[in-house]
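Worksheet for the structure shown next.
The values are calculated or read from the model by the stated rules, or taken from the named source; none is laboratory data. It should be emphasised that the depicted structure is a prediction, and the values quoted were computed from it without experimental measurement. Neighbour counts are summed over all protein chains in view; Cβ atoms, including those assigned to glycine, are modelled from backbone coordinates with ideal geometry. Ligands, DNA and RNA are stripped out before the accessible areas are found, and what is left, the full protein with its side chains, is counted by its heavy atoms. Shrake-Rupley method; radii C 1.70, N 1.55, O 1.52, S 1.80 Å.
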Amino acid sequence: MSTISPTTQAIPDSALDKPRTGTWDGGNEPLNASYGKLMMWFFLLSDAFTFAAFLTTYGLIRHKYLVYEGAAENFVTSTAYWPIPEKIFNAFPGLHGLDLPLAFVALMTMILIFSSVTMVLAVEAGQRFDRQDVQKWLLWTILFGATFLSCQAWEWSHFIAGTDKGMLMNDGTVIHGANLAVNEYGPVLFADLFFFITGFHGTHVFSGICLLIYCFIATTNGTFEKRGHYEMVEKIGLYWHFVDLVWVFVFTFFYLV
Amino acid sequence: MANHTTQLPAHPGEIPKPNTAWIWKTFWVITAITALEFLIAFTMPSSTLRNSIFIILTIFKAFFIVAEFMHLKHETKGLIWTIMIPMGLLIWLLVALITEGNAIHKAIF
């Protein structure tokens, strides 16, 4: 092996200590998007597959059950047919016993859409290198995200605790609330799907808030300014809008249809 | 990522004015569609037509979020197709599974 010459001689100086910029060396940006943004897009695509699987399951199982026929005001819950959403999701915190169909979920939807707006404003501020504006809008986004998550926590606890009326069973017992095995709102799978789909979405919101808090700290420390770009805010922004997008679909299929 | 440094303002310390009109425009469009959905939910009896309207309005909302907020409209054609083709196939799969999949209920339940 003595024939090997020192590397300084084997490689010409012109090939050393230079960033690789060739097409196949990672020097270019395919599709004109940076590596990070492109990978975020592909991750979101794969995440969309997961949510699509959930919604397909929901559609399939829902079709298995009968549709409630009759006027909405005469609706009573039963395991024989799928419940109508405006009679299930009609509670509002602090207004016990009032029938306010879909009012709370409307509020939650607006909070999440608004958090998406403040996120775009943060991204826009990052492109202008306006550190103070990025901090301001990130804080608003974290606030709205946390508010949404708290609303969902209330929605869950109300769903689990149930109504005063409950559901009267054939043997005379009354069921209040819901768990994975039994619920007062309708078929067992209705509550199961509620927990899985809104729970999976809520987990995404939670991860998003953690990422946003990281972003806020890094912005405050000047990390992105030193790096020369606020691309991390854009990437986390993409994720945050995706979470909003998923909610738009969950909202339609769970609360409207 | 040295190529991003070229975006730095020519005079450090000088921050350009915000350009946010398009963001608020998109916000009002999405809010209006959501309000319309609620109006339909309370004024129209449940039917296949109503569900179809909901799904079409949802796709409109999704378009505005993805195109404007996620900036996909302003990316290269290659990236747009890379995202849209798998999504289109996914919607096809979803519709096929829900319509054809009902056969399993007849078979095993």
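Please report the net charge: other residues with Cβ closer than 13 Å to the Cβ of A:Ile111, K and R +1, D and E -1.
Net charge around A:Ile111: -2.
When Lys and Arg each count +1 and Asp and Glu each count -1, what net charge do the other residues less than 12 Å away from A:Phe224, Cβ to Cβ, add up to?
0
Region A:36-256: percent of C-alpha pairs farther apart than 23 Å?
Value for region A:36-256: 53 percent of Cα pairs lie more than 23 Å apart.
So for chain B, averaging the separation of alpha carbon pairs under 8 Å that are six or more residues apart and normalising by length, what relative contact order in percent results?
18 percent
Rounding to the nearest 20 debye, state how big the charge dipole of the protein assembly as shown is about its Cα centre with +1 on each Lys and Arg Cβ and -1 on each Asp and Glu Cβ.
Charge dipole of the protein assembly as shown: 420 debye, to the nearest 20.
Largest first and in whole Å, what are the equivalent-ellipsoid semi-axes of region B:20-74 based on the Cα gyration tensor, each being the root of 5 times an eigenvalue?
26, 13, 4
Quick one: compute the contact order of chain A, relative version, from alpha carbon pairs under 8 angstrom and 6+ residues apart, as a percent.
With pairs under 8 Å counted, the relative contact order is 21 percent.
If packing is taken as the mean number of other Cβ atoms within 10 Å per residue, what is the order of A:229-240, A:211-222, highest first?
The peptides rank, most packed first, as A:229-240, A:211-222.
Towards the positive end of the charge dipole of the protein assembly as shown, with charges on Cβ (+1 Lys, Arg; -1 Asp, Glu), say which of A:Phe104, A:Leu121, B:His105 has the farthest Cα.
Farthest along the dipole direction, towards plus: A:Leu121.
Please compute, for peptide B:65-73, the average count of beta-carbon atoms on other protein chains lying within 10 Å of each residue's beta-carbon.
Partner-chain Cβ atoms within 10 Å, mean over residues of B:65-73: 6.
Compare B:Leu97, A:Leu138 by solvent-accessible area with a 1.4 Å probe and give them largest first, with all protein chains kept in place.
Result, largest first: B:Leu97, A:Leu138.
At q = 0.15, 0.17, 0.19, 0.21 Å⁻¹, what base-10 log of I(q)/I(0) does the Debye formula yield for region A:52-170 when every alpha carbon is treated as an equal point scatterer in vacuo?
-0.85, -0.98, -1.10, -1.20
On average, how many beta carbons from a partner chain sit within 10 Å of the beta carbon of a residue in A:114-120?
Partner Cβ neighbours, averaged per residue: 5.
Can you tell me, using C-alpha contacts under 8 Å and at least 6 residues apart, the relative contact order of region A:48-155 as a whole percent?
16 percent
So what are the radius of gyration and Dmax for the Cα set of chain B, in Å?
My reading of the Cα-based Rg and Dmax gives 21.2, 72 Å.
Need one number: the % of Cα-Cα pairs in region A:151-212 sitting beyond the 21 Å mark.
31 percent
With the dipole of region A:29-168 worked out from charges on the C-beta (+1 for Lys and Arg, -1 for Asp and Glu) around the Cα centre, which of A:Tyr68, A:Trp82, A:Phe54 lies farthest toward the positive end?
Farthest towards the positive end: A:Phe54.
In whole Å, what is the distance between the alpha-carbon centres of region A:66-102 and region B:13-58?
When both Cα centres are located, 25 Å separates them.
If you build a Gaussian network model of chain A, linking Cα atoms that sit under 10 Å apart, which residue out of A:Arg227, A:Arg128, A:Arg62 swings the most?
Judging by the Gaussian network model, the answer is A:Arg227.
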